[in-house]
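Since the structure comes first, as C-alpha cells, the remarks are kept for the end.
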Amino acid sequence: MSQDTEYKNNAHANKVDGAPIIDGATHPAYEAKDEPEDDGDHTALDDELEATEQLEDEDFSEDISKEDKETIKKVANDDNASQAKSHASILVEQSMDARKTFERSLGSLFTSAFTAGLEIGISFFMILSAFALLNEMLPSHYALVLASLLYPIGFIIVVIGQSLLFTEQTSLLSLPVLNGFEPVSKLLRLWGIVIAGNVVGGCLFAALMIGLGLNMHLFSASSIDTYAEHILGFRWWVIFGSAILAGWMMGVTAWLVTSARDTLSRIVLVTIITGSIGFLGLHHSIVGNIEVFSALLYGNTVSLWRYLEFLAVVLVGNTVGGVVFVAVLKNRTFLFDIEKVKEQTADDRANDSRHINIRRP
C-alpha cells in the first residue's frame, strides 16, 4: 500500500465542517462487490463510485455535500481483508452499531443487559473457586493473583455473545451523542437501563450461583469475605482512580474488538485486556457488584451502605474512563485531520477529471 493510499484510509473524521457525517447509520456491514467486466468505457472515477455503492446517500446528514459524501464512503468502505481496518472504518462501524442500540426497544435492552449481568458472574464464580483451592497451598496474596487469571472467561462470553455490558458499551454508546445524532437525555436513559439490567442480573447470579457454590463446598464464606476485602480495602479516591483506568481499558477493548476481523482475534484481545484488569485488581463495576453483593449476602464484613457506596463510585469511574479517554479523544483525533482528507479528496477528483478528459477523443 502506498503512503498516500494509507493516509487516505486512516485519516478520517466523523464530522465535516461541524455537521454530522452519518445520519441514521442503519446500513449493514460493508461487503466487497464483484467488479464488473471492463467494457472499454470504464474510468477510474467509475471504479471509485462503484466501490462506495454499499453506503447510501440516505445514511448521511442532509448538511453534507455530495463531494464530502463520496469522500466518506470511499474512506469508510474498508473491505481489504489483507490490511488492518482503518481508523475511519472502525469509527463508522462503532457509530452504526451504537445507533442500532439506541433504536432497540426498552425490553430488548434490559433483557440483553440482564443476560450480560448473569454471564459476567461466571468470571467471579471461577475466580472464587480457584482462590479457595489455591489459598490452601499458597499465601493469600499469591492465590488472589493466580485466581485472577480466570477473569476473562465471563467477558469472552459477553463480548462474543454480544450482550450489553455497561463498561464495554460506555464509550460506544456515547458516540452518537458526541456527534449530535442523539440527545444526552436519551443516552442517560439507555445507560440507566443497561446498568439496571447488569446489576439485577449480577445480584441474581450472586444469590443463586454463589449460594450453590457454598453448598457444593467449592468455597466458604470466609473466602467470599477475603475476596471482598481485596476489592474494598482502599480509600474511595483510590477505587475511583482504579475504576477510571478499568473503564479506559474496557473502552479500548470495544475499539480493538471492532478492529478485529475474526472471532479468534477478538477472543485473544478480550483475554489480554480483561486479564490485565483482573491481574492488576482494577475495579470493574459490574463484576465488582457481584463480588461485593456476594459478601453482603453470605459474608460478615460488608454492610448495605458500603456496598452502595462502592457501586456508585465505581460506576462513575468506569464511565469517566470509557467516555473521556476513549470516545472523546478518538473522535477528536479524526476531527483534526478532516481538512487534509478533504484536500486530498479534492486533488483525487481533479486528477480523475483530467484522466477522463485526456481519454476523450
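Restricting segment 183-239 to residues that are among the basic types (Lys, Arg) and within 28 Å of the chain's Cα centre (by Cα) leaves a set whose member that is least open to solvent (accessible area, probe 1.4 Å) is Lys186.
For segment 164-173, the set of residues classified as within 18 Å of Phe110 (Cα to Cα) and open to solvent by less than 10 Å² (accessible area, probe 1.4 Å) consists of Leu164, Leu165, Phe166, Thr167, Thr170, Leu173, listed by residue number.
Filtering segment 240-276 to residues that are more than 13 Å from the chain's Cα centre (by Cα) and not hydrophobic (A, V, I, L, M, F, W, C) leaves Gly241, Ser242, Arg261, Asp262, Thr263, Ser265, Thr271, Gly275, Ser276.
If Ile244 meets every condition in (1) closer than 19 Å to Gly154 by Cα; (2) in contact (Cβ under 8 Å) with a residue 12 or more places away in the chain apart from one, which number is that one? With respect to (1) closer than 19 Å to Gly154 by Cα; (2) in contact (Cβ under 8 Å) with a residue 12 or more places away in the chain, Ile244 is out only on (1). Would you confirm, using the coordinates I've provided, whether Leu138 is open to solvent by 40 Å² or more (accessible area, probe 1.4 Å), outside any helix (DSSP H, G or I) and among the hydrophobic types (A, V, I, L, M, F, W, C)? So Leu138 passes the test.
Out of the residues in segment 261-275 that are closer than 21 Å to Ala246 by Cβ and either part of a loop (DSSP other than H, G, I, E, B) or out of contact with any helix residue (DSSP H, G or I) (no Cβ under 7 Å at 6 or more places or on another chain) (or both), state the one that is least open to solvent (accessible area, probe 1.4 Å). Spell out the reasoning first.
Within segment 261-275, the subset closer than 21 Å to Ala246 by Cβ is 266-275.
When the remaining residues are screened for being either part of a loop (DSSP other than H, G, I, E, B) or out of contact with any helix residue (DSSP H, G or I) (no Cβ under 7 Å at 6 or more places or on another chain) (or both), the result is 268, 272.
On the way: Val268: 71, Ile272: 101 Å².
Across segment 261-275, the extreme among qualifying residues is Val268.
Scanning segment 121-137 for residues that are over 21 Å from Phe155 (Cβ atoms), hydrophobic (A, V, I, L, M, F, W, C) and touching a residue at least 40 places away in the same chain (Cβ under 8 Å) turns up just one, Ala132.
So which residues in segment 227-245 are under 20 Å from Ile122 (Cβ atoms) and of a type in the set (Ser, Thr, Tyr), if there are any at all? Can you show your working first?
Let us first name the residues in segment 227-245 that are under 20 Å from Ile122 (Cβ atoms), namely 227-228, 230-231.
Answer for segment 227-245, where residues must be under 20 Å from Ile122 (Cβ atoms) and of a type in the set (Ser, Thr, Tyr): just Tyr227.
The values are calculated or read from the model by the stated rules, or taken from the named source; none is laboratory data. None of these values were measured; they are calculated from a predicted model. Reconstructed Cβ throughout: ideal geometry from the backbone, glycine too, with neighbour counts over all protein chains shown. For the accessible areas, the whole protein counts, side chains as well, though only heavy atoms, and no ligand, DNA or RNA atoms are used. Shrake-Rupley method; radii C 1.70, N 1.55, O 1.52, S 1.80 Å.
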